[in-house]
Amino acid sequence: MWDRKSDYIELGQWMKGRIYERRADMSPDGKYFIYFAMNGKWNSETRGSWTAISKAPWLKAIELHAKGDCWEGGGLFLDKNSYWLNDRYANPGNKLITSGLVKQSESYIPEGKFGAGDTGVYYRRLLRDGWSILRTEEFRMWNKTTIFSKALKNNWNLIKIAHEQVGSPEGKGCYWDEHMLENTVSGSQLICEDWEWAENDGHCIIWCSQGCLYRASLDDRQELGKIVLIKDFNQYKFENIEAPY
């Protein structure tokens, strides 16, 4: 859990499996976390993949939906207590845990057609959170990009180039992002090749690169302010920690 006012980081849990971060979301009050995960144990109760809602920053489910494959999954919060489940073919028998703390919406129908993978949640989350789609570029089958933009302080625009690509560069998944900064007044352009994620935070920009979390001010129209390392996560290794609930 990250307190952006103080930049204090509270560590949560790891999971022996894969969390699909682009199919995840936080509730508006930061209390709950919805995520899609896979461990490949196809004969288990969750059938090897599942969507869970937990109390952040923990992973222990208070709501649990078995999945059984990696098409769709995950979801978005509609408000602090209700969520949309990204699974058109879910049936009531897939729901293994119910809490009463949050509620799945049965009536919400998401806008747009963004596919059945990460983009089905990720692109809708970006649009909800103030990003705009500039254009989509398709290079060949299974290789396209969607270009997003977000206005920041002092006439800076953050550009996100979201790739959907089979045969992606080494070290990248089939979904991966590039970023750049453009200033509409000064004309300054900064290519941020190693930024894996980036977002606005008031007068600052925040980003992740090579296992580290950073911030820098946007007070200057030519370049970033002093770059501050918030946390280096490379030192951490798996520990078997139980959630406190």
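The values are calculated or read from the model by the stated rules, or taken from the named source; none is laboratory data. Here the structure is a predicted model, which means the values were calculated and not measured. Reconstructed Cβ throughout: ideal geometry from the backbone, glycine too, with neighbour counts over all protein chains shown. When the accessible area is computed, the model is the full protein with side chains, heavy atoms only, and any ligands, DNA or RNA have been set aside. Shrake-Rupley method; radii C 1.70, N 1.55, O 1.52, S 1.80 Å.
Residue 173 passes every criterion in (1) over 15 Å from the mean Cα position of the chain (by Cα); (2) under 21 Å from residue 207 (Cβ atoms); (3) open to solvent by less than 60 Å² (accessible area, probe 1.4 Å) apart from (1).
Give the residue, chosen from 64, 76, that is in contact (Cβ under 8 Å) with a residue 24 or more places away in the chain, touching a helix residue (DSSP H, G or I) at 6+ places or on another chain (Cβ under 7 Å) and not in a loop (DSSP other than H, G, I, E, B). One residue alone meets the criteria, 76. For the stretch 4-30, taking the residues that are without any contact (Cβ under 8 Å) to a residue 40 or more places away in the chain and open to solvent by 70 Å² or more (accessible area, probe 1.4 Å), the one that is nearest to residue 54 (Cα to Cα) is identified as 21.
Within the stretch 191-200, the presence of at least one residue that is within 28 Å of residue 3 (Cβ to Cβ), over 16 Å from the mean Cα position of the chain (by Cα) and either free of Cβ contacts under 8 Å to residues at least 12 places away in the same chain or surrounded by fewer than 16 Cβ atoms within 10 Å (Cβ to Cβ) (or both) is confirmed. Checked against (1) surrounded by fewer than 13 Cβ atoms within 10 Å (Cβ to Cβ); (2) farther than 28 Å from residue 2 by Cβ; (3) not β-branched (Val, Ile, Thr), residue 47 passes all but condition (1). Residues of the stretch 90-136 that are under 21 Å from residue 32 (Cβ atoms) and among the acidic types (Asp, Glu): 106, 118, 129. Looking only at residues in the stretch 220-244 that are touching a strand residue (DSSP E or B) at 6+ places or on another chain (Cβ under 8 Å) and open to solvent by less than 70 Å² (accessible area, probe 1.4 Å), the one that is farthest from residue 7 (Cα to Cα) is 243.
Has the stretch 80-87 got at least one residue that is part of a loop (DSSP other than H, G, I, E, B), at pLDDT 95 or above and closer than 30 Å to residue 143 by Cα? Within the stretch 80-87, one or more residues are part of a loop (DSSP other than H, G, I, E, B), at pLDDT 95 or above and closer than 30 Å to residue 143 by Cα. Picking from 34, 53, which residue would you name as being under 18 Å from residue 117 (Cβ atoms), within 19 Å of the chain's Cα centre (by Cα) and assigned to a strand (DSSP E or B)? The match here is 34. Filtered by the rule that a residue be within 20 Å of residue 125 (Cα to Cα) and in contact (Cβ under 8 Å) with a residue 24 or more places away in the chain, the stretch 34-49 gives 34, 35, 36.
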